[in-house]
Amino acid sequence: LVLEGFGLDNLAYARPDTSLDTVKAPKNYVIQYFLSTCVYVTFGFLQIVVPQLIARWIPTSLNTFNDLCQVANISVFVFDTPLHGYYIHGFAQSGQAEGDAEDLKNALEGVTGANRHTGLQLQKVDELEVYEVFASLDFRSRFDNLFRHHVQREIELSRSQPMTCWQRIVG
């Protein structure tokens, strides 16, 4: 389709020049195969390289959330389907989640550096930040029960001791 659309299929004719004009000459199928393969490989290369370049310069919401978890020094377990999810290990390099603006700036520069390992590429296991998790039915039912119990306890606590969200965080 690309060869026809741009007229590059005319390069496969058996003639000594490289003009794109249609001529009455036999087609050389080896050159036609070579042109088709070049176009196929070029598009394949672009499909691999362009998303990597975009991901490097324009961070996705997953990378931004991962950076936030790491700076805040918290870990998050998220299910995107009933039996599949991600564990984000938000380990701050500084070892603390509190600090002034200078500490936050230094932490953000360290998090967004070129040597980060999100777990989506093949790296050493002790350097990963994001793990893909496949849960069993038994694990998911236990997780749901624990989560339900925790939410019910928080609701009962908020009804018995009304306080603002800020008081709950500080207190």
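The values are calculated or read from the model by the stated rules, or taken from the named source; none is laboratory data. All values derive from a computational prediction rather than experimental measurement. Every residue, glycine as well, gets a Cβ built from its backbone with ideal geometry; the counts of neighbours run over all protein chains shown. Note: areas computed on protein heavy atoms with side chains; ligands, DNA, RNA excluded. Shrake-Rupley method; radii C 1.70, N 1.55, O 1.52, S 1.80 Å.
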Point to revise | Filter result (of a type in the set (V, I, T) and under 23 Å from D103 (Cα atoms)) within the stretch 66-81 | key: V71, I74, V76
Exercise for review: Go through the residues of the stretch 140-163 one by one and say whether even a single one is over 23 Å from Q70 (Cα atoms), in contact with a Gly (Cβ under 9 Å, 6 or more places away or on another chain) and at pLDDT below 75.
Suggested key: yes
Practice item. State which residue is farthest from D9 (Cα to Cα) when the search covers only the stretch 35-74 and only residues that are among the hydrophobic types (A, V, I, L, M, F, W, C) and open to solvent by less than 40 Å² (accessible area, probe 1.4 Å). Key: A72
Study note, to complete from the structure: The lone condition V49 fails out of (1) farther than 30 Å from V2 by Cβ; (2) at pLDDT 85 or above is (1)
Review point. Within the stretch 77-95, restricting attention to residues that are part of a strand (DSSP E or B) and open to solvent by less than 50 Å² (accessible area, probe 1.4 Å), which residue is modelled with the lowest pLDDT?
Key: I88
Review point. Which residue pairs have Cβ atoms under 7 Å apart, sit 6 or more places apart or on different chains, and have a first residue in the stretch 23-45 that is more than 14 Å from V2 (Cα to Cα) and a second that is outside any helix (DSSP H, G or I) and among the charged types (D, E, K, R)?
Key: V23/R15; A25/R15
Check your understanding: Does E129 satisfy the criteria of being at pLDDT below 90, on the phi < 0 side of the Ramachandran plot, touching a helix residue (DSSP H, G or I) at 6+ places or on another chain (Cβ under 8 Å) and not hydroxyl-bearing (S, T, Y)?
Key -> yes
Review point. Yes or no: F134 closer than 27 Å to V71 by Cα, open to solvent by 80 Å² or more (accessible area, probe 1.4 Å) and at pLDDT 65 or above?
Key: yes
